[in-house]
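A short worksheet on the structure shown next.
Derivation of every value follows stated rules applied to the coordinates shown; laboratory data play no part. Just so it is clear, the structure is predicted and the values come from calculations on it, not from any experiment. For neighbour counting, all protein chains shown are included, and Cβ atoms are generated from backbone atoms with ideal geometry for every residue, glycine included.
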Amino acid sequence: MAQDRSPPFVGQDFGDGVSVGVKAGQRTVALLKSKRVPMPEDIKHMRRIISFIPRLSMQAPRKNRETSRWRYALMNWGHDPLSLTDADSP
C-alpha cells in the first residue's frame, strides 16, 4: 500500500515539509516587519508576490471557497481572498 506523501500544506515542498507558499508568506511578513532598506532580492520577492496573488485569485472555485485548496494556497502566500479590504468596502 502506497503511503501518502503529500505535504501538510497546499503546494509544493522541497522535502522539509514546508510548502513554497508558506515560506514565501513567512518571508513577506519578515520583510514587512523589517526596518531596513530592502535589498534587490527582497524587491524581487515582493514583485513575485504581487504578480502571483492576482493570477491565483482569478482561479477562484465556484463552490466551497471557504475550505478550498485555492484559498489555503493564497493564505500560505499571505493573502486571504475572503477577507474584506478597505478597497472592497462601500
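Per-residue packing, averaged as other Cβ atoms within 10 Å, sorts the ranges 72-80, 59-67, 26-34 into the order 72-80, 26-34, 59-67, beginning with the highest. Taking amide H atoms as placed 1.01 Å from N in the peptide plane, the amide H of residue 19 lies under 5 Å from those of 9, each 5 or more residues away in sequence or on another chain. Couplings 3J(HN,Hα) for segment 62-74, derived from phi with the Karplus relation 6.51 cos²θ - 1.76 cosθ + 1.60 (θ = phi - 60°), are 7, 10, 6, 4, 4, 10, 7, 4, 4, 5, 5, 5, 5 Hz, where x marks Gly and Pro. For residue 23, the lysines whose Cα comes closer than 17 Å to its Cα, not counting residues fewer than 8 places off in the same chain, are 33, 44.
Here the peptides 19-25, 38-44 are ranked by packing, the mean other Cβ count within 10 Å, and the order with the highest first is 19-25, 38-44.
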